[in-house]
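Working notes, structure below.
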Amino acid sequence: MKFVGLLLFPFAFLYGVVIYFRNKLFDIGIIKSEKFKLPIISVGNLTMGGTGKTPHIEYLIRLLEKENKLATLSRGYGRSTKGYLLVDDKANAESAGDEPLQYRNKFKDVVVAVDEKRSRGIKTIINTYPETDIVLLDDAYQHRYLKPGLSILLTDFYKPFYHDYIVPTGTLREFRAGSKRADIIVVTKSPRVLSPITCKSMEADMKLLPHQHVYYSYIDYGDLVPLNEFSESITTRKFSFILMFAGVANPYPMEEQLKTLSDTVEVFKFPDHYQYKIKDIQKIKDHFELTFPKNKVIITTEKDAMRIKGTNLEELFVNLPIFYIPIEIKLHKKDKEKFDKQILNYVRENN
């Protein structure tokens with residue numbers, strides 16, 4: 001723990017104690033958690049972000065959508081609206097949040113909704129779409145007023161929860177013991193080549209309960225997607241210079257990926273879920289135009305692209321080569337079959 005972290009530790013401990021007692025009130029039933037008859041799968045984390053919830057929700061959608069009518073429910077972090085909102089073709093990142101908009105753009109047959117009160121959101125979905133078979137909850141691990149049927153906890157391979165501390169000393173939203181509520185723990189952003197010894201060591205540090213299962217996932221990057229007509233004519237995928245900008249919790253894995261496309265990658269970092277302003281985009285544009293190489297390009301994340309498409313910011317990039325790079329998560333071969341089976345069995349037994 002760094003010196004600043006030590007100074008903040010009393011505040012972190014006090015915050016953690018408050019959350020601990022809140023959780024205890026739920027555990028012993030003084031504060032009630034609402035249950036639903038249909039399968040509810042929650043994907044969340046103990047940290048403030050950056051574990052990859054969005055691509056894991058998308059993995060579950062691809063796994064389940066062929067045989068089920070799905071709905072996703074998010075809080076809609078950073079949105080300008082309140083209450084329940086159906087994310088439709090009229091929605092944008094400002095009104096609905098970037099992640100729900102991404103689900104909507106990719107999965108047209110899935111009901112995508114946002115509501116800061118998850119129980120109310122589920123009831124509205126069921127009343128409006130009674131054919132719904134499953135609801136996937138995005139980032140609801142600490143939302144104890146609702147009890148999911150299956151709870152999936154994500155933790156970063158390079159920063160696992162058991163090496164982290166409560167905010168503001170670290171990035172945990174609650175004490176590490178909160179991991180005991182999970183049915184499944186997925187270690188995200190793991191290397192493609194994974195040592196069994198490493199897995200065994202990590203699982204020992206997690207202090208698992210008998211019912212808990214651990215799986216390991218990694219990021220699989222897709223092909224570059226052009227953000228405007230000007231970029232559609234660019235076919236090369238090796239560049240002299242890449243200017244990357246990102247408003248996500250952890251941009252480093254993408255930065256490493258882009259280094260396979262260029263020897264020179266410069267990064268403009270913004271806060272997670274950042275709502276870009278004209279001056280931000282102008283700064284990126286001016287810096288890009290002043291760089292010397294001819295074979296240069298701007299690349300951002302898929303989430304950031306959601307915050308730009310369909311807004312007046314998009315016009316600033318009209319004559320510039322700009323792309324986003326989509327990602328999917330993959331489970332290691334030894335885990336995929338077991339993970340898929342556990343999810344499918346839960347759905348079939350509770351649907």
- prompt: How many nm is it between the label spots at I126 and K180, if each spot is 7 Å from the Cα in line with the beta carbon?
  reply: 2.9 nm
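Please report the net charge: other residues with Cβ closer than 14 Å to the Cβ of P210, K and R +1, D and E -1. List each step's numbers first, then the result.
Details: positive: K180, K207; negative: D183, E203.
Local charge sum for P210: 0.
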query: Add -39500 (n - 2.57) for each DSSP H run of 4 or more in the chain, then divide by its residues: what number comes out at 222 nm, to the nearest 500 deg cm²/dmol?
result: -10500 deg cm²/dmol
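Pop the C-beta distance of T235 and N319 into the FRET formula with R0 = 22 Å and round what comes out to the nearest 0.05. Display every interim value, and only then the final one.
Details: r = 18 Å, r/R0 = 0.81.
Efficiency computed from Cβ-Cβ geometry: 0.80.
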message: Suppose each label sits 7 Å from its Cα in the direction of the beta carbon; what would the E203-N295 distance come out to in nanometres?
response: 4.6 nm
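Given 0.36 nm per residue, what is the gain on full extension from S95 to Y145 after removing their alpha carbon distance, in nm? Walk me through the numbers on the way to the answer.
Details: separation 50, 0.36 × 50 = 18.00 nm, distance 2.46 nm.
Extra length available between S95 and Y145 comes to 15.5 nm.
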query: For the chain, what proportion of DSSP beta bridges, expressed in % and rounded to the nearest 5, is antiparallel?
result: 20 percent
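Run the numbers for N105 and D27: contour at 0.36 nm per residue of separation, minus the present Cα-Cα distance, in nm. Don't skip to the answer; put the middle values down first.
Working: separation 78, 0.36 × 78 = 28.08 nm, distance 3.78 nm.
Net length gain for the segment: 24.3 nm.
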message: Students often get this wrong, so check it: of K106/K283; K117/K338; K159/K330; K106/K200; K35/K207, which have C-alpha atoms separated by over 25 Å?
response: K106/K283; K117/K338; K106/K200; K35/K207
Straight-distance crosslink candidates among lysines, where the alpha carbon sits under 26 Å from K285 and sequence neighbours closer than 8 are dropped: K238, K259, K269, K277, K294, K296, K303, K309
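So if each residue of separation counts as 0.36 nm, and I subtract the Cα-Cα distance between K283 and L63, what length gain in nm does that give? Write down the numbers at each step before the final one.
Working: separation 220, 0.36 × 220 = 79.20 nm, distance 4.09 nm.
Contour length minus Cα-Cα distance gives 75.1 nm.
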statement: Cross-link reach from K333 to aspartates and glutamates, straight Cα distance under 20 Å and at least 8 residues apart if same chain, gives E58, D156, E203, D220
field: In order through the stretch 47-63: 3J(HN,Hα) via Karplus (6.51 cos²θ - 1.76 cosθ + 1.60), integer Hz, x for Gly, Pro
entry: 8, 6, x, x, 9, x, 4, 4, x, 6, 4, 5, 4, 5, 4, 5, 5
message: Roughly how far apart, in whole Å, are the Cα centres of the stretch 212-247 and the stretch 73-94?
response: 25 Å
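Rule-based calculations on the coordinates, nothing more; no lab input. Predicted model only: the values in this text are computed from it and were never measured. Cβ: placed from backbone, ideal geometry, glycine included. Neighbour counts: every protein chain shown.
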